[in-house]
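To start, the structure itself, in structure tokens.
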């Protein structure tokens, strides 16, 4: 029964995220791994208020930033999936991995 490794990559730096995702895709092609994605999610716009003082009072303009998300699924190829999930990525890229065992029908 194969395992499906679902990767979620997030970053505020779109260029770095695209570079990392492209590298994963190229590595999968070289290894012959079955890859689904990358699937882009709509960007998340975040707004963070900034206070001038700890106890409150005036505020600076809020800080706005965008988080970009890509999802990738690796079917089987456990060693390749493990190497991708365990690899060091730039500090601006966050990687979350989820592993699911897929059963065939009738099992």
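The values are calculated or read from the model by the stated rules, or taken from the named source; none is laboratory data. Please read these numbers as outputs of a predicted model, since none were measured by experiment. All Cβ positions, glycine included, derive from the backbone under ideal geometry; neighbour counts span all protein chains shown.
I need the full set of residues from segment 90-100 which are part of a loop (DSSP other than H, G, I, E, B) and out of contact with any helix residue (DSSP H, G or I) (no Cβ under 6 Å at 6 or more places or on another chain), in order please.
To start, the set of residues in segment 90-100 that are part of a loop (DSSP other than H, G, I, E, B) comprises 90-92.
Passing the criteria: only 91.
I want to confirm something. Restricting to segment 84-98 and keeping residues that are free of Cβ contacts under 8 Å to residues at least 24 places away in the same chain and under 14 Å from residue 24 (Cα atoms), which single residue is surrounded by the most Cβ atoms within 10 Å (Cβ to Cβ)? Let's see the steps before the verdict.
Of the residues in segment 84-98, the ones free of Cβ contacts under 8 Å to residues at least 24 places away in the same chain are 86-88, 91.
The next check asks that each one be under 14 Å from residue 24 (Cα atoms); those that pass are 86-88.
Working: 86: 9, 87: 12, 88: 6.
The residue in question is 87.
Can you pull out the residues in segment 39-66 that are surrounded by 10 or more Cβ atoms within 10 Å (Cβ to Cβ) and either assigned to a helix (DSSP H, G or I) or under 19 Å from the mean Cα position of the chain (by Cα) (or both)?
Correct list: 39, 40, 41, 43, 44, 46, 65, 66.
Among the residues of segment 1-30, what is the count of those that are touching a helix residue (DSSP H, G or I) at 6+ places or on another chain (Cβ under 8 Å), within 24 Å of residue 76 (Cα to Cα) and modelled with pLDDT of 90 or more?
Total satisfying the criteria: 7.
For segment 55-69, does any single residue satisfy the condition of being in contact with a helix residue (DSSP H, G or I) (Cβ under 7 Å, 6 or more places away or on another chain) and in contact (Cβ under 8 Å) with a residue 12 or more places away in the chain?
yes
Give the residue that is farthest from residue 94 (Cα to Cα), with candidates limited to residues of segment 1-38 that are outside any strand (DSSP E or B) and in contact (Cβ under 8 Å) with a residue 60 or more places away in the chain.
Initial filter on segment 1-38 (outside any strand (DSSP E or B)): 1-2, 12-33.
Going one step further and asking which of them are in contact (Cβ under 8 Å) with a residue 60 or more places away in the chain, we end up with 1-2, 12-13, 16-17, 20, 24.
Working: 1: 29, 2: 26, 12: 10, 13: 11, 16: 11, 17: 9, 20: 11, 24: 14 Å.
For segment 1-38, the residue satisfying everything is 1.
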